[in-house]
1. Between a first residue in region 141-153 that is more than 17 Å from Glu97 (Cα to Cα) and a second residue that is in a loop (DSSP other than H, G, I, E, B), which pairs have beta carbons less than 7 Å apart while being 6 or more apart in sequence or on different chains?
2. Condition first: under 25 Å from Gln103 (Cα atoms), of a type in the set (A, V, I, L, M) and either free of Cβ contacts under 8 Å to residues at least 40 places away in the same chain or open to solvent by 20 Å² or more (accessible area, probe 1.4 Å) (or both). Now tell me which residues in region 188-206 satisfy that.
3. Can you tell which of Ala62, Ala95 is modelled with pLDDT of 95 or more, assigned to a helix (DSSP H, G or I) and within 13 Å of the chain's Cα centre (by Cα)?
4. Can you pull out the residues in region 163-187 that are open to solvent by 10 Å² or more (accessible area, probe 1.4 Å) and not in a helix (DSSP H, G or I)?
5. Hey, could you check region 11-37 for residues that are charged (D, E, K, R) and in a helix (DSSP H, G or I) and say which is surrounded by the most Cβ atoms within 10 Å (Cβ to Cβ)?
6. Examine region 123-139 for a residue that is under 20 Å from Ala57 (Cα atoms) and of a type in the set (A, V, I, L, M, F, W, C), and state whether such a residue exists.
7. Can you run down the residue pairs with Cβ atoms below 6 Å, 6 or more apart or on separate chains, where the first is in region 5-23 and in contact (Cβ under 8 Å) with a residue 12 or more places away in the chain and the partner is surrounded by fewer than 18 Cβ atoms within 10 Å (Cβ to Cβ)?
8. Restrict the check to region 116-136 and report whether at least one residue is closer than 23 Å to Gly211 by Cα and either among the basic types (Lys, Arg) or touching a residue at least 60 places away in the same chain (Cβ under 8 Å) (or both).
Amino acid sequence: DQQLITLFRHALRDDGKAAALFDSLRASPFLSSWARTPLNAALITSLAQREGVEALANQAMAVRRFIRQFLSREAIQSPHQTLLLKKERLLSLLAFETKSAGQLAFTKTSTLSILGAAKAKLGAITLDLPEFVHEILNNHLLQDSGGELLQFAHEVYHDYLAACELETREHMQPGLGTEFAIAHFAEPHWQDCVRLYAGLTGCAAGLIERGADKNPTLAWLLLREAPTAAPN
């Protein structure tokens, strides 16, 4: 905690803003956990410098900015990498399918199988799947989990990307993502994904109204975390 505060004070050159940024992190389980890695702490600081501490108010959109900034940084370093949004789409399908199966770790064979189905769905005909898996391992989005197993390098990645898939389904057919979120509202391993989905889509009020009886704790968290501004 003290290292983070020192970093924020040095970068922002304002003790008040540094304290406000640290308070924002402490209020967010996602961001607080994520900030413990130096690169992620630097991304958080950069966002606060560019857009102000208030940019962290919507946790889901802040996580999106961080992950896309991270992917953009990797793309600049390796220009031939898969396009950012295509990469996010492929990974969102991998995250959703593995989360639906209750898998924190998954085999390389099943990874290639899920990505193969995603490739066909997206019409990414020229995508080299083994090379793509190698790329996302090098980007530290996925990591080896022993033996032939892989896993997302951070739970936030898994939950955020699964929430992206729900967001996509909601845009393709209104109600589809929300109905899934309601159907799984009481399941603990979907809780953080639902929170991120609510922040990405601005649908917290509807989820609270329909899900409060299923999971009062999650409904309270959604109420507490509801962004003050509509997501971009």
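The values are calculated or read from the model by the stated rules, or taken from the named source; none is laboratory data. If you're wondering where the values come from, they're calculated on a predicted model, not measured in any experiment. Because the Cβ atoms are built from the backbone with ideal geometry, glycine has one as well, and the counts that use them run over all protein chains shown. Keep in mind that these areas ignore ligands, DNA and RNA; they rest on the heavy atoms of the full protein, side chains included. Shrake-Rupley method; radii C 1.70, N 1.55, O 1.52, S 1.80 Å.
1. Qualifying pairs under 7 Å: Gln143/Ala153.
2. Val194
3. Only one candidate qualifies: Ala95.
4. The answer is Gln173, Pro174, Gly175, His184, Ala186, Glu187.
5. Lys17
6. No; the residues of region 123-139 include none that is under 20 Å from Ala57 (Cα atoms) and of a type in the set (A, V, I, L, M, F, W, C).
7. Ala18/Arg9; Phe22/Ile5
8. no
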